[in-house]
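Scroll down for the structure; my scribbles are underneath it.
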Amino acid sequence: NPPVLISASPKKINFTLTRRSKSFLFRVSAVSYKEFAESALEETKKRIVLEPSHLQEKYSSMTGLDGETELQMLAFKSSKIRLLRSMVIENETMQVFDFAGFMEPEYDTPIFCANFFTSANVNIVVLDLNPLHQLTDQTDYQEKYYNKIMSIYHKYAETFPWGGKLTGESIKFFSPLVMWTRFSSSQEKHKALFSAFLEYYQAWLEMTNQVREEMEPSQVRANCEAQHKYLTWRAQKDPGHGLLKRLVGEAKAKEMLRDFLFNGVDELGKKTFIDYFPEYQTEDGTVSDKRSIIGKSYETRPWDLTGQFIG
Ligand code: BLA
């Protein structure tokens with residue numbers, strides 16, 4: 001009687017279950033990030049013409065070194081979107097979703113960023129329209145993109161409260177709209193996460209539709225460098241690296257990070273990680289292995305209700 005079994009605590013009935021039935025139990029209650037990706041793409045196709053990205057030929061699906069974990073990659077572009085790409089990682093005990101959208105440098109639209117990590121019972125979630133430009137010194141950027149849509153954040157604030165301290169460096173890549181949260185798995189939470197994801201994504205799509213092409217070469221260069229700095233950070237320091245390396249091996253992980261997930265890091269600019277983040281330079285000139293120099297910060301949300309940074 002599956003419905004009864006599903007509502008029981010898996011811990012209590014552990015010893016009566018075979019590996020297969022445990023997998024069944026887990027899967028019926030597990031979140032399916034492939035559906036998140038498919039829904040987002042459906043929404044996209046209603047509004048804009050998507051073309052396949054050249055990356056799709058090289059990256060489609062693969063199996064991890066354990067022979068069990070499945071990785072699914074999707075990549076598209078449009079006339080304004082340089083790269084819209086998705087990666088879903090799934091096995092019996094873990095699901096990962098990494099969905100991002102990057103504009104061509106002629107547009108200053110934020111970067112769409114959904115990073116969801118789900119293991120047996122914990123979910124680590126970042127959902128945001130990452131600002132291309134620093135909000136502290138470009139207040140018009142905040143006015144242009146965020147002030148009008150803060151209600152989207154408020155709608156989900158209670159269900160998904162601030163996730164606690166995080167790598168201090170990350171905060172400057174986040175906007176006042178960011179949903180940074182941790183929670184234990186439940187169908188309700190995963191349903192709410194799905195709605196939040198689509199709502200944030202629709203807000204981003206709307207921005208990409210409305211944005212005007214930048215004609216000022218210096219501004220196009222500034223957009224390009226800002227995106228390159230972002231890509232350089234994430235290709236080097238993203239928290240998912242360790243897991244990706246374990247799943248596909250160090251060489252493949254590095255290739256996927258630079259060529260697929262953060263594509264553009266080797267093409268959009270020439271500056272190095274140390275050029276952008278000199279505090280990571282070690283005595284022999286190499287990049288420090290440390291994830292963070294600042295350390296963990298921001299116990300509480302560093303923006304007020306109107307979206308002003310309060311640190
Ligand atoms: C944890 N992922 C985290 C954390 C953040 C993010 C803030 C908490 C740990 C920390 O404070 O660093 C996400 N950080 C981001 C994002 C940005 C950022 C999106 O700076 C953007 C600028 N997560 C993934 C993928 C995997 C993954 C693809 O997105 C795996 C392949 C795993 N994230 C993952 C794991 C943890 C984590 C395993 C917990 C372990 C840890 O904290 O290191």
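Please state which one of TYR230, TYR298 is within 16 Å of the ligand (Cβ to nearest atom) and on the phi > 0 side of the Ramachandran plot.
After applying the criteria, what remains is TYR298.
Please specify each residue of region 161-196 satisfying the condition of being among the hydrophobic types (A, V, I, L, M, F, W, C) and either near the ligand (Cβ under 8 Å from one of its atoms) or within 16 Å of the chain's Cα centre (by Cα) (or both).
LEU166, ILE171, PHE173, PHE174, LEU177, VAL178, MET179, TRP180, LEU193, PHE194, ALA196, listed by residue number.
Pick from GLU225, GLU213, GLU283: which is more than 15 Å from the ligand (Cβ to nearest atom) and assigned to a helix (DSSP H, G or I)?
GLU225
Starting from residues that are under 16 Å from the mean Cα position of the chain (by Cα) and free of Cβ contacts under 8 Å to residues at least 60 places away in the same chain, keep the ones in region 245-267 and report whichever is farthest from the ligand (Cβ to nearest atom).
Here the residue is ARG258.
List the residue pairs whose Cβ atoms are under 7 Å apart, where the first residue sits in region 228-243 and is part of a helix (DSSP H, G or I), the second is within 11 Å of the ligand (Cβ to nearest atom) and at pLDDT below 95, and the two are 6 or more positions apart or on different chains.
Note: pairs meeting the criteria are LYS237/ARG291.
Report yes if some residue within region 132-139 is within 14 Å of the ligand (Cβ to nearest atom) and within 17 Å of the chain's Cα centre (by Cα); otherwise report no.
Scanning region 132-139 turns up at least one residue that is within 14 Å of the ligand (Cβ to nearest atom) and within 17 Å of the chain's Cα centre (by Cα).
Table: residues versus (1) more than 20 Å from the chain's Cα centre (by Cα); (2) within 24 Å of LEU84 (Cα to Cα); (3) at pLDDT below 95; (4) of a type in the set (A, V, I, L, M).
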position: ARG212; (1), (2), (3), (4): yes, yes, no, no
position: LYS270; (1), (2), (3), (4): yes, yes, no, no
position: ASP275; (1), (2), (3), (4): yes, no, no, no
position: ASP289; (1), (2), (3), (4): yes, no, yes, no
position: ARG301; (1), (2), (3), (4): no, no, no, no
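The values are calculated or read from the model by the stated rules, or taken from the named source; none is laboratory data. Keep in mind that what you see is a predicted model, and the values were worked out from it rather than measured. Glycine gets a Cβ as well: all are built from the backbone with ideal geometry, and neighbour counts include every protein chain shown.
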